[in-house]
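Q: Have a look at this one before I ask anything.
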Amino acid sequence: MSHRATGSRLRRLVPAMAGMAAAALLSGAAAPAAAQPSFWGDYRDSWLSTQRRVDDLMSRMSLQDKLGQMVQITRGAAGPTEVASHRIGSVLSGGGSSPSPNTPEAWADMYDGYQRSALDTPLGIPILYGVDAVHGHNNVRGATIFPHNIGLGATRNPELVRRIGAATAEEVAATGVDWTFSPCLCVARDDRWGRTYESFGETPELASSMTSEIRGYQGAVLGGDPTSIMATAKHYVGDGGTTGGTDQGNTQLSEQELRRIHLPPFREAVERGVGSVMVSYSSWNGDKLHAHDYLINDVLKGELGFDGIVLSDYNAVHQLDGNDNTLTASEVRVAVNAGLDMIMLSKDHGKFLDHLRREVESGRVPMRRIDDATRRILTKKFELGLFERPFAQRELLSTVGSQEHRQLARQAVRESQVLLKNEGVLPLSSGTDKLFVAGSNADDIGNQSGGWTISWQGSSGDITEGTTILEGIRQLSDSSVTYNRHGDGINSSYDAAVAVVGEKPYAEYQGDRPNGLALSQEDLNTIDKLRSSGVPVIVVLASGRPMDIASEVGNWDALLASWLPGTQGGGVADVLFGEYNPTGELPMTWMRSFDQQPINTGDDKDPLYPYGYGLSYRE
Ligand code: GLC
C-alpha cells in the first residue's frame with residue numbers, strides 16, 4: 001500500500017478507517033489488512049452482500065478500469081507492474097509456463113507478487129490467476145498427476161472424480177492459483193482427434209456424470225472454504241465432434257444433434273454452479289464459436305442461465321477473421337458482443353484495450369455489455385473471497401504431491417484399467433512368476449502421464465516424481481523382474497512377459513492422427529520378440545485413446561488398456577497382480593479398423609470392443 005494517500009483515497013480511507021476502528025472495537029481484534037467490515041458499507045465490507053459490493057465497486061470504476069478486468073494475459077507477456085498499470089483482471093500460466101525453479105513455493109511467490117501489485121492500485125482489485133490443472137496441478141514438478149480424463153471415464157465413478165477435483169484444488173490453492181481451466185467436457189466422437197484423452201468419453205451421459213469434478217474444485221459453494229478454486233467447463237461447444245477429428249475444426253451437425261450430443265454436459269455444469277465457461281476454437285457449421293451470438297448469448301447465458309465468466313481460448317479472438325497474427329477492432333467487437341466476458345491473450349493486450357475502448361465510445365459495443373462482463377468477473381472475485389484472502393494458502397503446501405493424494409491417484413489408476421483380453425494368464429502371481437518387462441512405455445513417467453504434464457505437450461523421460469509401471473511391477477513382485485525396453489534377453493525360462501507400449505505425449509492439434517492409429521514399429525518389434533520366445537505375452541497399452549490393434553491382438557495372451565495413468569504407475573501393477581480386480585469399462589468404442597473412424601456406440605458398425613466393455617478376473 002503506497003504510504004501517501006491521494007485525495008480520492010483519503011476520502012475513501014477516512015470512512016473505512018472509522019469503520020475499521022468501530023469494527024476493531026466491536027471485535028476486540030485488529031481487522032485483516034486486505035478487507036474488513038467497514039462502517040460505511042463500501043465494497044471492502046465483507047459483511048455486505050456480493051451484489052452490493054459489486055454495485056459499489058463498479059460505481060467507482062472508470063471505463064479503463066472495467067475494460068482492464070476483461071483481459072486475461074499470460075505471465076510471459078506481462079509482469080506484475082504491467083498487469084497493475086493496465087488494471088488487468090487476470091493472469092494465466094499457459095501449459096508449462098512455470099516460475100524457475102519450478103517449485104510450489106516459487107509458484108506461491110510468483111502469485112503473491114502479482115497480487116501485491118494488483119492490491120496496490122487505487123481500487124485494489126485482486127487478480128484471478130488461471131492454469132490448466134487438468135489432471136492434477138500438472139505444471140508443477142512434484143505435484144500429484146492423476147489419470148487423464150479418458151481413464152477417469154473408464155472408472156464410471158463420479159465420486160472418485162469429485163475427490164480428485166478436491167485434492168487438485170488443495171495443491172492448486174497452495175500455490176495461490178484461483179482458477180483451473182478444467183474439466184474438459186468435450187464429447188470425443190472421433191479417435192483421430194488429438195484431444196480425445198481430455199474427454200471423459202464418447203457419450204454426453206458420461207461427460208455429464210463427471211461434472212462432479214466441478215464440485216471437487218469449487219466445493220459446495222464457490223469460495224466456501226480456502227481450498228475452493230474456480231472451475232471451467234470447456235470447450236463450449238461441440239469441439240469433440242469436428243469433422244475428421246481435426247482440432248479447432250468444423251463440427252457439422254444439425255442443431256438437434258449438437259444439442260443432443262454436445263450440450264448436455266454444459267447444462268449439467270451450469271446447474272452445478274461452474275464459475276466459468278471457456279469457448280471452443282472450433283466452428284459449428286462453418287461459424288466460429290467465438291463469434292457465435294446465438295450459442296453464447298441466447299443458449300449459454302439465456303437458455304442455460306449461465307451467470308459466470310465466459311472466457312475465450314488462447315488468442316482465439318485473433319483467429320476470427322482468418323488471420324491469426326492480427327487482432328482487429330472488428331474481431332474484438334464481434335467477440336465481446338457475442339458474449340465473451342474475458343479475453344485470453346498472450347500478446348496485443350494494449351491493442352485489445354484500445355480497440356475495445358474505441359468500440360465502446362463509438363457505441364458499437366454498448367456500455368451495458370461492458371458492465372455485464374465486469375459484473376460477472378467481479379462477482380466471481382468476491383465469491384472466491386479474493387478481497388479477504390488475496391494471497392497463496394501456504395499452509396496447504398504440504399498437500400502438494402502428498403502420500404494421501406498419491407494414494408487417491410493410485411486408486412484412480414486401478415479403477416481406470418480396462419481388461420480387454422485374458423487367456424488365463426492374468427492375474428500374475430507375485431510370489432512365483434519370473435517376469436520379463438519390455439516396451440517404450442514401461443519405465444517412462446513422462447510417457448505414462450501424457451500431454452499437459454510439466455510442459456504443454458508433455459515429454460518422455462524422468463520429468464517428475466512418481467512410480468513408473470515397471471517400478472510398480474517390481475514393488476509387487478517377490479520374484480526377479482528383468483527389464484529390457486526392446487525385449488532383448490527374453491527366453492523360455494520366464495513365466496510371462498509384459499509389454500508396456502502405446503503413445504508418446506502430445507497435446508491439442510499435435511495429437512491429431514488423420515493417417516492412422518497403429519502401434520509404432522518399435523513397439524510391434526518388441527512384442528514380436530517377446531512372442532518368439534513362446535512365453536505368454538501381456539500387452540499393456542498406455543495411450544490417450546483406442547489404437548488400431550485388431551490385426552495384432554489375436555497373437556496376444558492378454559490386453560489391458562491403461563490409458564494415461566499419470567504418476568502412480570503402481571495402480572497398473574495392482575491390476576496385473578490381482579491386488580485389484582479390474583472394474584474398468586470402455587469410455588470409447590474400440591475400432592476394428594482405422595477406416596471405421598468415427599465409430600461410436602449406436603452406430604451400425606462392428607467394433608472390436610464395444611463401448612462399456614471390460615473384463616474382470618472373477619467372471
Ligand atoms: C489452449 C487450450 C485450452 C487451454 C488454454 C490455456 O489452447 O485450447 O484448453 O485451457 O489454451 O492454456
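Q: Enumerate the pairs (first residue in the range 83-98 and free of Cβ contacts under 8 Å to residues at least 60 places away in the same chain; second residue anywhere and polar (S, T, N, Q) and near the ligand (Cβ under 9 Å from one of its atoms)) with beta-carbon separation below 6 Å, excluding pairs fewer than 6 apart on the same chain, so at least 6 apart or on different chains.
A: Hits for this filter: zero, empty list.
Q: All but one of (1) in contact (Cβ under 8 Å) with a residue 40 or more places away in the chain; (2) farther than 23 Å from Asn422 by Cβ hold for Leu608; state the number of the condition that does not hold.
A: If we test Leu608 against (1) in contact (Cβ under 8 Å) with a residue 40 or more places away in the chain; (2) farther than 23 Å from Asn422 by Cβ, just (2) comes out false.
Q: Being in contact with a helix residue (DSSP H, G or I) (Cβ under 7 Å, 6 or more places away or on another chain) and either farther than 21 Å from Asp574 by Cβ or of a type in the set (Ser, Thr, Tyr) (or both) is the filter here; which residues of the range 538-551 pass it?
A: The answer is Gly544, Arg545, Asp548.
Q: While we're on this one: Could you tell me whether any residue of the range 220-227 is farther than 24 Å from Ala338 by Cβ, within 16 Å of the ligand (Cβ to nearest atom), crowded, with 19+ Cβ neighbours inside 10 Å and not small (Gly, Ala, Ser)?
A: There is no residue in the range 220-227 that is farther than 24 Å from Ala338 by Cβ, within 16 Å of the ligand (Cβ to nearest atom), crowded, with 19+ Cβ neighbours inside 10 Å and not small (Gly, Ala, Ser).
Q: Moving on. Among the listed residues Gly286, Gly322, Gly385, which satisfies the condition of being away from the ligand (no atom under 16 Å from the Cβ), touching a residue at least 12 places away in the same chain (Cβ under 8 Å) and within 20 Å of Gly249 (Cα to Cα)?
A: Numbers: Gly322 fails: touching a residue at least 12 places away in the same chain (Cβ under 8 Å); Gly385 fails: within 20 Å of Gly249 (Cα to Cα).
Of the residues listed, the single one that is away from the ligand (no atom under 16 Å from the Cβ), touching a residue at least 12 places away in the same chain (Cβ under 8 Å) and within 20 Å of Gly249 (Cα to Cα) is Gly286.
Q: Then there's this: What helices (runs of 4 or more DSSP H) lie completely within the range 176-262 and have 1 or more residues being within 16 Å of Val134 (Cβ to Cβ)? Break it down stepwise before answering.
A: On the way: elements: 204-209, 212-218, 255-261.
The helices (runs of 4 or more DSSP H) meeting that bar are 204-209, 212-218.
Q: Do we have Arg376 as modelled with pLDDT of 95 or more and under 31 Å from the mean Cα position of the chain (by Cα) here?
A: Criteria met by Arg376.
Q: Shifting gears a bit: Does Arg141 meet the test of being closer than 30 Å to Ser62 by Cβ, of a type in the set (Lys, Arg) and either in contact (Cβ under 8 Å) with a residue 40 or more places away in the chain or away from the ligand (no atom under 16 Å from the Cβ) (or both)?
A: no
Q: Filter the range 98-137 for residues that are within 23 Å of Glu508 (Cβ to Cβ) and surrounded by fewer than 18 Cβ atoms within 10 Å (Cβ to Cβ) and give the result.
A: The one that is within 23 Å of Glu508 (Cβ to Cβ) and surrounded by fewer than 18 Cβ atoms within 10 Å (Cβ to Cβ): Asn102.
Q: Restricting to the range 270-283, name every residue that is touching a helix residue (DSSP H, G or I) at 6+ places or on another chain (Cβ under 9 Å) and either away from the ligand (no atom under 16 Å from the Cβ) or without any contact (Cβ under 8 Å) to a residue 12 or more places away in the chain (or both).
A: Pass one, the range 270-283, residues touching a helix residue (DSSP H, G or I) at 6+ places or on another chain (Cβ under 9 Å): 270, 272-277, 279-283.
Within the range 270-283, Val270, Arg272, Gly273 meet the criteria.
Q: How many of the residues in the range 173-198 are away from the ligand (no atom under 12 Å from the Cβ) and among the small types (Gly, Ala, Ser)? Please lay out each step first, then the result.
A: Residues of the range 173-198 away from the ligand (no atom under 12 Å from the Cβ): 173-178, 187-193, 196-197.
Narrowing the set further to residues that are among the small types (Gly, Ala, Ser) leaves 173-174, 176, 188.
Selection size over the range 173-198: 4.
Q: Leu386 passes all but one of (1) surrounded by 23 or more Cβ atoms within 10 Å (Cβ to Cβ); (2) not assigned by TED's automatic domain parsing to the domain that holds Phe146; which number fails?
A: Here Leu386 clears every test but (2).
Q: Shifting gears a bit: Condition test on Thr211, is it surrounded by 24 or more Cβ atoms within 10 Å (Cβ to Cβ) and either of a type in the set (A, V, I, L, M) or assigned by TED's automatic domain parsing to the domain that holds Arg376 (or both)?
A: Working: surrounded by 24 or more Cβ atoms within 10 Å (Cβ to Cβ): yes; either of a type in the set (A, V, I, L, M) or assigned by TED's automatic domain parsing to the domain that holds Arg376 (or both): yes.
Yes.
Q: Being among the polar types (S, T, N, Q), under 30 Å from Arg195 (Cβ atoms), away from the ligand (no atom under 16 Å from the Cβ) and surrounded by fewer than 22 Cβ atoms within 10 Å (Cβ to Cβ) is the requirement here; does Gln521 meet it? Quick ask: steps written out before the conclusion?
A: Values: among the polar types (S, T, N, Q): yes; under 30 Å from Arg195 (Cβ atoms): yes; away from the ligand (no atom under 16 Å from the Cβ): yes; surrounded by fewer than 22 Cβ atoms within 10 Å (Cβ to Cβ): yes.
Spelling it out, Gln521 is indeed among the polar types (S, T, N, Q), under 30 Å from Arg195 (Cβ atoms), away from the ligand (no atom under 16 Å from the Cβ) and surrounded by fewer than 22 Cβ atoms within 10 Å (Cβ to Cβ).
Yes/no per residue for (1) closer than 23 Å to Thr243 by Cα; (2) within 20 Å of the chain's Cα centre (by Cα); (3) among the polar types (S, T, N, Q):
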residue: Val274; (1), (2), (3): no, yes, no
residue: Met278; (1), (2), (3): yes, yes, no
residue: Gly302; (1), (2), (3): no, no, no
residue: Gly308; (1), (2), (3): no, yes, no
residue: Glu331; (1), (2), (3): no, no, no
residue: Val336; (1), (2), (3): no, no, no
residue: Ser346; (1), (2), (3): no, yes, yes
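Q: State all residues of the range 442-469 that are within 16 Å of the ligand (Cβ to nearest atom) and either more than 19 Å from Gly511 (Cα to Cα) or assigned to a loop (DSSP other than H, G, I, E, B) (or both); if no residue qualifies, say none.
A: From the range 442-469, those within 16 Å of the ligand (Cβ to nearest atom) are 450-458; that's our starting set.
Of everything in the range 442-469, those that are within 16 Å of the ligand (Cβ to nearest atom) and either more than 19 Å from Gly511 (Cα to Cα) or assigned to a loop (DSSP other than H, G, I, E, B) (or both) turn out to be Gly450, Gly451, Trp452, Ile454, Trp456, Gln457, Gly458.
Q: Count, please, the residues in the range 349-367 that happen to be away from the ligand (no atom under 16 Å from the Cβ) and either under 26 Å from the mean Cα position of the chain (by Cα) or under 22 Å from Gly130 (Cβ atoms) (or both). Talk me through it step by step, then tell me what you get.
A: In the first step, residues of the range 349-367 are kept if they are away from the ligand (no atom under 16 Å from the Cβ); the result is 350-367.
Now restrict to residues that are either under 26 Å from the mean Cα position of the chain (by Cα) or under 22 Å from Gly130 (Cβ atoms) (or both): 350-353, 356.
Of the residues in that region, 5 qualify.
Q: Which ones in the range 296-319 are at positive phi and within 13 Å of the ligand (Cβ to nearest atom)? Lay out the reasoning, then the answer.
A: Filtering the range 296-319 for residues at positive phi gives 305, 315.
Residue satisfying the conditions is Asn315 alone.
Q: If you don't mind, there's one more thing I want to ask. Please specify each residue of the range 470-493 satisfying the condition of being in contact (Cβ under 8 Å) with a residue 60 or more places away in the chain, of a type in the set (Val, Ile, Thr) and part of a loop (DSSP other than H, G, I, E, B). I'd like the intermediate steps shown before the answer.
A: Step one: filter the range 470-493 for residues in contact (Cβ under 8 Å) with a residue 60 or more places away in the chain, giving 470-473, 475-477.
Still in the running and of a type in the set (Val, Ile, Thr): 473.
None - no residue of the range 470-493 is in contact (Cβ under 8 Å) with a residue 60 or more places away in the chain, of a type in the set (Val, Ile, Thr) and part of a loop (DSSP other than H, G, I, E, B), so the list stays empty.
Q: Something else now. With respect to Pro565, determine if the residue is in contact with a strand residue (DSSP E or B) (Cβ under 6 Å, 6 or more places away or on another chain) and crowded, with 18+ Cβ neighbours inside 10 Å.
A: Details: in contact with a strand residue (DSSP E or B) (Cβ under 6 Å, 6 or more places away or on another chain): no; crowded, with 18+ Cβ neighbours inside 10 Å: yes.
Considered against the rule, which asks whether it is in contact with a strand residue (DSSP E or B) (Cβ under 6 Å, 6 or more places away or on another chain) and crowded, with 18+ Cβ neighbours inside 10 Å, Pro565 comes out as no.
Q: From the list Gly245, Gly238, Gly201, pick out the single residue that is more than 16 Å from the ligand (Cβ to nearest atom), at positive phi and surrounded by 24 or more Cβ atoms within 10 Å (Cβ to Cβ). Can you show your working first?
A: On the way: Gly245 fails: more than 16 Å from the ligand (Cβ to nearest atom); Gly238 fails: more than 16 Å from the ligand (Cβ to nearest atom).
Within the list Gly245, Gly238, Gly201, the selection yields Gly201.
The values are calculated or read from the model by the stated rules, or taken from the named source; none is laboratory data. Note that the structure is a prediction, hence the values are computed from the model and not measured. Glycine also receives a Cβ, built like all others from the backbone with ideal geometry; neighbour counts cover every protein chain displayed.
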